[in-house]
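Trainee: Structure in structure tokens, see below.
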Amino acid sequence: MKYRLQVLAVFFVLSSVAYGAQIKALIIDGRNNHQWKLTTPVLKKALEDTGLFTVDVATAEPGEEGLKNYRPKFSAYQVVIDNYTDYPKNEPWPAETQAAFVDYVRNGGGLVPIHAAASAFGGWKEFEEMVGLAGWGGRDEKTGPYVRFRDGQFVRDTQPGKAGHHGKQHAFQVTIRDPKHPITRGLPPVWMHTTDEFYDSLRGPANSLEVLATGYSDTAQGGTGENEPVLFTVRYGKGRVFQNVLGHGPENMKCVGFLVTYQRGAEWAATGRVTQKVPADFPTADKPSIRQ
């Protein structure tokens with residue numbers, strides 16, 4: 001009987017540890033030139049479906065007062081999912097919120113900008129360093145180089161030009177360039193992403209940047225003819241940043257390739273490791289995979 005009680009006690013301790021070990025995630029939204037009211041629920045559910053995360057949402061209320069009072073408690077979370085841009089008015093966060101955000105990431109917090117989110121806050125130096133590469137927001141060669149994959153290696157292209165561009169929405173292949181990183185380990189070397197915007201011509205400081213995957217920006221679709229970064233990481237202080245430029249809207253986010261790289265990237269940004277297995281329905285090189 002005594003042995004049985006000890007086993008039960010261990011079971012309950014392990015159960016409570018497992019429950020308590022859930023990763024605390026925060027999604028920030030409220031302003032975006034994309035459909036944040038539709039994409040935030042997708043992003044929230046995708047993390048919760050893994051069983052690894054508890055997810056809160058901090059939404060900036062409309063108007064000047066709503067922005068003035070926007071002060072998420074970043075430090076209470078292990079990872080922030082960024083679904084926020086400062087479009088259309090290019091309104092900065094309050095200085096206190098900016099400082100708290102920088103301190104959070106620099107001191108070890110995880111950050112995952114989704115699609116357009118990294119293109120916010122052009123000219124905010126610390127934010128530019130965090131996200132590594134971004135588009136629009138007044139960015140150009142003064143912000144930093146383009147990063148392209150040419151002849152088997154990454155090059156920094158310093159030619160003059162604006163940052164940020166996309167052609168027509170279309171399906172395209174994603175090619176893994178670092179198969180040993182925890183986020184991409186075990187993924188097929190090439191996989192087909194569903195119809196989506198293809199962001200190209202991103203620029204930035206690109207310090208501590210590691211490109212995990214690229215896609216070909218097809219000139220037939222209005223692209224650059226370059227192999228451009230689509231998944232990449234940045235180290236900022238003690239913090240880990242994973243940027244996923246896929247996922248224009250809720251339909252585009254149904255791609256299993258987007259969902260899995262987002263889920264794995266969020267876990268890595270929060271903990272530095274990935275425990276999730278690659279699902280059987282992951283896309284192949286010639287066929288996208290969609291979850292309804």
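Trainee: How big is the antiparallel share of DSSP beta bridges in the chain, given as a percent to the nearest 5? Walk me through the intermediate numbers first.
Mentor: Numbers: 31 of 49 bridges.
Counting DSSP beta bridges with both partners in the chain, the antiparallel share is about 65 percent.
Trainee: If R₀ is 41 angstrom, what is the calculated FRET efficiency for the pair F154 and E65, using the beta carbon separation as r and rounding to 0.05?
Mentor: Efficiency computed from Cβ-Cβ geometry: 0.35.
Trainee: May I pose another question? With charges only on Cβ, +1 for K and R and -1 for D and E, what is the dipole size of the chain about its Cα centre, in debye, rounded to 20?
Mentor: Rounded to the nearest 20 debye, it is 1020 debye.
Trainee: Could you estimate the translational diffusion coefficient of the chain from the Stokes-Einstein equation, with Rh from the Kirkwood formula over C-alpha pairs, at 37 °C and 0.692 mPa s, in whole µm²/s?
Mentor: My calculation gives 168 µm²/s for D.
Trainee: What do you get for the angle between helix 256-271 and the principal long axis of the chain? Use alpha-carbon atoms, 0 to 90 degrees, nearest ten.
Mentor: Approximately 70 degrees, to the nearest 10.
Trainee: Continuing with the same structure: Helix-only estimate, please: 222 nm mean residue ellipticity of the chain, summing -39500 (n - 2.57) across DSSP H runs of length 4 or more and dividing by its residues, to the nearest 500.
Mentor: -8000 deg cm²/dmol
Trainee: Arranged by the count of other C-beta atoms within 10 angstrom, fewest first, what order do L43, L26 take?
Mentor: By the 10 Å Cβ count, ascending: L26, L43.
Trainee: How would you rank I290, I114, going from fewest to most other Cβ atoms within 10 Å of each one's own Cβ?
Mentor: Ascending number of Cβ neighbours within 10 Å: I290, I114.
Trainee: Got a sec? How would V256, V112 order by Cβ neighbour count within 10 Å, fewest to most?
Mentor: Values: V256 20, V112 27.
By the 10 Å Cβ count, ascending, the order reads V256, V112.
Trainee: I've got another one for you. Under the 0.36 nm per residue contour assumption, what length would be gained going from the current alpha-carbon distance of K162 and V190 to full extension?
Mentor: 7.2 nm is the gain from fully extending K162 to V190.
Trainee: Something else about it: With the dipole of the chain worked out from charges on the C-beta (+1 for Lys and Arg, -1 for Asp and Glu) around the Cα centre, which of P179, A213, W124 lies farthest toward the positive end?
Mentor: P179
Trainee: If you don't mind, there's one more thing I want to ask. What spacing in nm lies between the two simple spin-label points modelled at E251 and A21, each 7 Å away from Cα in the Cβ direction?
Mentor: Once both label points are built, they end up 4.1 nm from each other.
Trainee: Within the set K89/K277; K73/K125; K44/K287, which residue pairs have Cα atoms separated by over 32 Å? Can you show the working numbers first?
Mentor: Working: K89/K277 41 Å; K73/K125 22 Å; K44/K287 26 Å.
Flagged as over cut-off: K89/K277.
Trainee: Let me check I've understood the local charge: for V274, count other residues with C-beta under 14 angstrom from its C-beta, Lys and Arg +1, Asp and Glu -1. What total comes out?
Mentor: Net charge around V274: +4.
Since every read-out is calculated from the coordinates, none of them should be taken as a lab result. Remember, predicted model here, so these are calculated numbers, not experimental data. For neighbour counting, all protein chains shown are included, and Cβ atoms are generated from backbone atoms with ideal geometry for every residue, glycine included.
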